[in-house]
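Asks: Have a look at this one before I ask anything.
The values are calculated or read from the model by the stated rules, or taken from the named source; none is laboratory data. Not measured: the values here are computed from a predicted model. FYI the Cβ positions are ideal-geometry reconstructions off the backbone, even for glycines, and counts take in every protein chain you see.
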Amino acid sequence: MPKTAREIGIMQGFPPPPEKRPSQDNWDLAPFNRWSFQNMRGLFPTVEVPPAKKPRQFGENILDLSNVEFDSFDGQRLTVDQWLRESYTDGLLVLKGDKIATEDYFNDMRPETAHLGQSVSKSIIGALAGVLHGEGLLDLSAPLKDIVPDLAECGYSECTVDQALDMQSGVRFSEDYGLPESDMTRVDIASGWRPVRRGEIKPTIRDVILTLPKERPHGLSFSYRSIETDVIAWVLERVGGTDLATLLSDRIWQKIGCEHAGFFTVDDAGTALADGGFNATLRDYARFGRMMAEGGRVGGHQVVPSEWVDGICRGADHSKFGDPYDLLSPCGAYRRFWWVHEADKGVFMARGVFGQLIFIDQEADVVVVKMSSWPDYLIQSYSHDAVRACEAIVRNLG
């Protein structure tokens, strides 16, 4: 069974021994991420996303889902309890309608703990784009250079807002985690998540964007590129007239009744890392997921336009969604920074490396949120089991 950060000794003692302290080289890798993902403010500069003055409260209808079974990646029957304990879970929350069916914490995570969302952040930015589009501020057909003239000299010049939101640009970006020369590592260095290499000047996130060339026509196919979210965040700040954290707080975080402040990590220019740097509590992630499950509504108030939320599944184009992305979702797609799992049932997901997940089934009226600290960025068996476990939970809840 995975050990907790406390059991491993990460950041234990006064002071902790050097070998038990996370560094820029290893903070997100095992075993240090068991501590780091719940303590990002202790590692990096951040910008706060203020919460609501009056939090939205959930009801409760607590159910024992621990013995719910599903077929695991290796062909075994696995219970939800076994899955949670074996897959480096930090927190799990299941909503059926407006009521909490299950809420469990592991690895010393608590209800007030803000957990790194990794690429769950992208889906939050996608929802924010929908708000600004609904306000008439964001033209989906506009070339990016028309909104951010700085982009005119890079590969994103003629890419439209809609193409970037669906990650269908023709820009070259190597999404290779941990490889020294990859574009993703360049973003990590720019955001402060990795140390600057000897003899190099530290760039900002937007410096990296401006170096990326076009390698094929825009709009041909989906290819996962984290940097598209940072490009869209730049666009949202320009059309919204303020910084990303303020936009998110004013347009979504306060309106859905979040109890705690969320926050982004920021680079040296104060730019929020939109593609993976957002942090929030388990219940606040659930509040966000619940709003999306309700078609963008909270009670009688429309937060994200219903047409935008409906368009995530309705507008999904499976023909542009190929190997390896369709291994987990054979009929899937990617739309507005969300993973579409089953479009006809309104099943879509926010997913992040190391096991972050918001699973939404609109037809069943169920939201599952899982925060984790896997020992590696991507683990195919863990991804498979997470989705199958969510499907089993949905079936059990009817």
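Asks: Tell me which residues, restricted to region 81-129, are under 30 Å from Val231 (Cα atoms), part of a strand (DSSP E or B) and either out of contact with any strand residue (DSSP E or B) (no Cβ under 7 Å at 6 or more places or on another chain) or of a type in the set (A, V, I, L, M) (or both).
Replies: Initially, region 81-129 is screened for residues under 30 Å from Val231 (Cα atoms), giving 113-129.
Narrowing further to those that are part of a strand (DSSP E or B): 115-116.
Hit for region 81-129 is Leu116, nothing else.
Asks: For region 22-29, does any single residue satisfy the condition of being within 16 Å of Gly117 (Cβ to Cβ), touching a helix residue (DSSP H, G or I) at 6+ places or on another chain (Cβ under 6 Å) and either of a type in the set (Phe, Trp, Tyr) or assigned by TED's automatic domain parsing to the domain that holds Ala269 (or both)?
Replies: Yes, there is a match, as at least one residue in region 22-29 is within 16 Å of Gly117 (Cβ to Cβ), touching a helix residue (DSSP H, G or I) at 6+ places or on another chain (Cβ under 6 Å) and either of a type in the set (Phe, Trp, Tyr) or assigned by TED's automatic domain parsing to the domain that holds Ala269 (or both).
Asks: Being in the same structural domain as Gly276 (by TED's automatic domain parsing), crowded, with 23+ Cβ neighbours inside 10 Å, among the β-branched types (Val, Ile, Thr) and at negative phi is the requirement here; does Val80 meet it? Can you show your working first?
Replies: Numbers: in the same structural domain as Gly276 (by TED's automatic domain parsing): yes; crowded, with 23+ Cβ neighbours inside 10 Å: yes; among the β-branched types (Val, Ile, Thr): yes; at negative phi: yes.
Yes: the conditions hold for Val80.
Asks: Could you check region 258-270 and list, in sequence order, the residues that are over 14 Å from the mean Cα position of the chain (by Cα) and either outside the structural domain of Ile358 (by TED's automatic domain parsing) or crowded, with 23+ Cβ neighbours inside 10 Å (or both)?
Replies: Within region 258-270, Cys258, Asp267 qualify.
Asks: Can I ask one more? Can you pull out every residue in region 311-348 that is among the aliphatic types (A, V, I, L, M) and out of contact with any Gly (no Cβ under 6 Å at 6 or more places or on another chain)?
Replies: Listed by number, the residues that qualify are Ile312, Ala316, Leu327, Leu328, Ala333, Ala343, Val347.
Asks: While we're looking at this one, here's another question. Return the only residue of Ala274, Ala245 being touching a residue at least 12 places away in the same chain (Cβ under 8 Å), assigned to a loop (DSSP other than H, G, I, E, B) and either more than 18 Å from the chain's Cα centre (by Cα) or under 28 Å from Lys54 (Cα atoms) (or both).
Replies: Working: Ala245 fails: assigned to a loop (DSSP other than H, G, I, E, B).
Residue meeting the stated conditions: Ala274.
Asks: Shifting gears a bit: Residues to consider are Trp339, Trp308, Trp374; find the one that is aromatic (Phe, Trp, Tyr), in a helix (DSSP H, G or I) and at pLDDT 95 or above. Please lay out each step first, then the result.
Replies: Values: Trp339 fails: in a helix (DSSP H, G or I); Trp374 fails: in a helix (DSSP H, G or I).
Within the list Trp339, Trp308, Trp374, the selection yields Trp308.
Asks: For region 357-370, indicate whether the set of residues that are closer than 14 Å to Ser123 by Cβ, polar (S, T, N, Q) and surrounded by 17 or more Cβ atoms within 10 Å (Cβ to Cβ) is non-empty.
Replies: no
Asks: Out of Thr185, Thr160, report the one residue that is at pLDDT 95 or above, more than 17 Å from Ala233 (Cβ to Cβ) and of a type in the set (Ser, Thr, Tyr).
Replies: Result: Thr185 is the single residue among Thr185, Thr160 that is at pLDDT 95 or above, more than 17 Å from Ala233 (Cβ to Cβ) and of a type in the set (Ser, Thr, Tyr).
Asks: Among what's in region 1-51 and is of a type in the set (Gly, Ala, Ser) and more than 21 Å from the chain's Cα centre (by Cα), pick the residue that is surrounded by the most Cβ atoms within 10 Å (Cβ to Cβ).
Replies: Of the residues in region 1-51, the ones of a type in the set (Gly, Ala, Ser) are 5, 9, 13, 23, 30, 36, 42.
Checking the rest, the ones that are also more than 21 Å from the chain's Cα centre (by Cα) come to 5, 9, 13, 23.
Numbers: Ala5: 25, Gly9: 15, Gly13: 9, Ser23: 10.
It comes out as Ala5.
Asks: So if I check each of Tyr224, Tyr285, which one is surrounded by fewer than 24 Cβ atoms within 10 Å (Cβ to Cβ), in contact (Cβ under 8 Å) with a residue 60 or more places away in the chain and under 30 Å from Pro324 (Cβ atoms)?
Replies: Going through Tyr224, Tyr285 in turn, just one is surrounded by fewer than 24 Cβ atoms within 10 Å (Cβ to Cβ), in contact (Cβ under 8 Å) with a residue 60 or more places away in the chain and under 30 Å from Pro324 (Cβ atoms): Tyr224.
Asks: When you scan region 271-279, do you find a residue that is surrounded by fewer than 24 Cβ atoms within 10 Å (Cβ to Cβ) and either over 16 Å from Ser249 (Cα atoms) or modelled with pLDDT under 95 (or both), even just one?
Replies: No, region 271-279 has no match at all.
Asks: Which condition breaks for Tyr177 when tested against (1) surrounded by fewer than 18 Cβ atoms within 10 Å (Cβ to Cβ); (2) among the aromatic types (Phe, Trp, Tyr); (3) free of Cβ contacts under 8 Å to residues at least 60 places away in the same chain?
Replies: Only one criterion is unmet by Tyr177, namely (3).
Asks: Sticking with this one: Is it fair to say Ser119 is in contact (Cβ under 8 Å) with a residue 12 or more places away in the chain and buried (at least 17 other Cβ atoms within 10 Å of the Cβ)? Don't jump to the end; show me each part of the working.
Replies: Details: in contact (Cβ under 8 Å) with a residue 12 or more places away in the chain: yes; buried (at least 17 other Cβ atoms within 10 Å of the Cβ): yes.
Yes.
Asks: What do you reckon, is Glu153 farther than 23 Å from Asn26 by Cβ, in contact (Cβ under 8 Å) with a residue 40 or more places away in the chain, charged (D, E, K, R) and in the same structural domain as Gly300 (by TED's automatic domain parsing)?
Replies: No.
Asks: Just to be sure, is Ile10 part of a loop (DSSP other than H, G, I, E, B), β-branched (Val, Ile, Thr) and not assigned by TED's automatic domain parsing to the domain that holds Gly299?
Replies: The answer is yes for Ile10.
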